[in-house]
Amino acid sequence: MRCLHPHCPMGDGAAAWANVVDNPLMNVAPDRRAALVAGLAAFGALANPATIIPLPNMLGRQRRTLLALCPCLYNQVGVRSSSRAIVHFCEIALGARITSANVHDAFKVQHPGLPPPFVFAPAQVGQNGGTIMEMLCSEVLTNEQIPEMQLDADRWPIWTMPGHVLLNEGRMQSLKAFGDILIPCGPTNLVISVKSEAARERLLYSSNAIEGVGFGFFNNPSEFWTASRMNLYKRMGFSAIYMPDETHVAVMEHVLAAGVVSNAVNINGTPLYRSLSSFG
């Protein structure tokens, strides 16, 4: 995830705060530029624990844009962190971009009960867990060369292919009942339903009989290994469900031992259950 904070630990931030202020998205009036650059000079390296620094005066729109361009700032300001920023702090903790190979490790970073911890944490917690899961999946897709489509001024996706659309943002929210992430493709679009650690019935009924893909950090293999549950997933339209590698191993070992391995294939005759490390 790109962060323009000049002191971003990932090492690809802007050369100086002046470059951030001059970003066209900030749209700073010339007579306000010098004061804004001077005010941002106080924001140096990130701290652990987080240290609150007051933001300089700017328009509300500019403040939102600044925080979006520089998610590291959520370590330094008294504002509840965005879900995208949480994902950024996860990749800082891992010291690597989030891909299929390490997305489960990234999930553990933001999980309050699992190691490893944040290296630099947001100053304010309380983010929506479901949205964080969606952003983790979105970040994997982006780093696997299926980037998120940006929104135009009217909040519609700027159509680029390959790409993916977040159905819980902008004008596409009218379609959020179908799932969380849309990947346009043929012969049918793919819709990804993102969940956290528990599938329960929420995953089962989230595919809506279209080409569904499940993505989650499921930790209970027994939710997946009965023949009846596998048949229900296929009936509801799932062509693949991705889960942590250790959960996948446990599910498939049980399925094999129970003699129902023939149920663990989708309508195309390929595996229904797959490991997160193969998601990309």
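(1) surrounded by fewer than 18 Cβ atoms within 10 Å (Cβ to Cβ); (2) assigned by TED's automatic domain parsing to the domain that holds THR51; (3) under 27 Å from SER239 (Cβ atoms): which one isn't true of LEU114, the others all being true?
Exception for LEU114: condition (3).
In the set ILE98, ILE52, ILE92, ILE86, which member is in contact (Cβ under 8 Å) with a residue 40 or more places away in the chain, farther than 28 Å from ASN143 by Cβ and in the same structural domain as ILE132 (by TED's automatic domain parsing)?
Working: ILE98 fails: farther than 28 Å from ASN143 by Cβ; ILE92 fails: farther than 28 Å from ASN143 by Cβ; ILE86 fails: farther than 28 Å from ASN143 by Cβ.
Every option except ILE52 fails the conditions.
How many of the residues in segment 23-44 are surrounded by 14 or more Cβ atoms within 10 Å (Cβ to Cβ) and farther than 27 Å from LEU151 by Cβ? Steps first, answer last, please.
At the first step, the residues of segment 23-44 found to be surrounded by 14 or more Cβ atoms within 10 Å (Cβ to Cβ) are 23, 26, 28, 32-33, 35-37, 39-40, 43.
Remaining after also requiring farther than 27 Å from LEU151 by Cβ: 35, 37, 39.
Residues meeting the conditions: 3.
For ALA121, only one of the following conditions fails: (1) farther than 26 Å from GLU169 by Cβ; (2) crowded, with 19+ Cβ neighbours inside 10 Å; (3) of a type in the set (A, V, I, L, M, F, W, C). What is its number?
Among (1) farther than 26 Å from GLU169 by Cβ; (2) crowded, with 19+ Cβ neighbours inside 10 Å; (3) of a type in the set (A, V, I, L, M, F, W, C), the lone unmet condition for ALA121 is (1).
Scan segment 153-178 for residues that are among the hydrophobic types (A, V, I, L, M, F, W, C) and in contact with a helix residue (DSSP H, G or I) (Cβ under 7 Å, 6 or more places away or on another chain) and jot them down.
Step one: of segment 153-178, the residues among the hydrophobic types (A, V, I, L, M, F, W, C) are 153, 156, 158-159, 161, 165-167, 172, 175, 177-178.
Once the filter is applied, which keeps residues that are among the hydrophobic types (A, V, I, L, M, F, W, C) and in contact with a helix residue (DSSP H, G or I) (Cβ under 7 Å, 6 or more places away or on another chain), segment 153-178 yields TRP156, VAL165, LEU166, LEU167.
I'm told GLY170 meets every condition in (1) at pLDDT 90 or above; (2) under 13 Å from the mean Cα position of the chain (by Cα) except one. Can you identify the failing condition by its number?
Only one criterion in (1) at pLDDT 90 or above; (2) under 13 Å from the mean Cα position of the chain (by Cα) is unmet by GLY170, namely (2).
Looking at segment 142-157, which of its residues are within 17 Å of LEU25 (Cα to Cα) and surrounded by fewer than 10 Cβ atoms within 10 Å (Cβ to Cβ)?
ALA153, ASP154
The values are calculated or read from the model by the stated rules, or taken from the named source; none is laboratory data. Not measured: the values here are computed from a predicted model. Backbone-built Cβ (ideal geometry, glycine too); neighbour counts: all protein chains shown.
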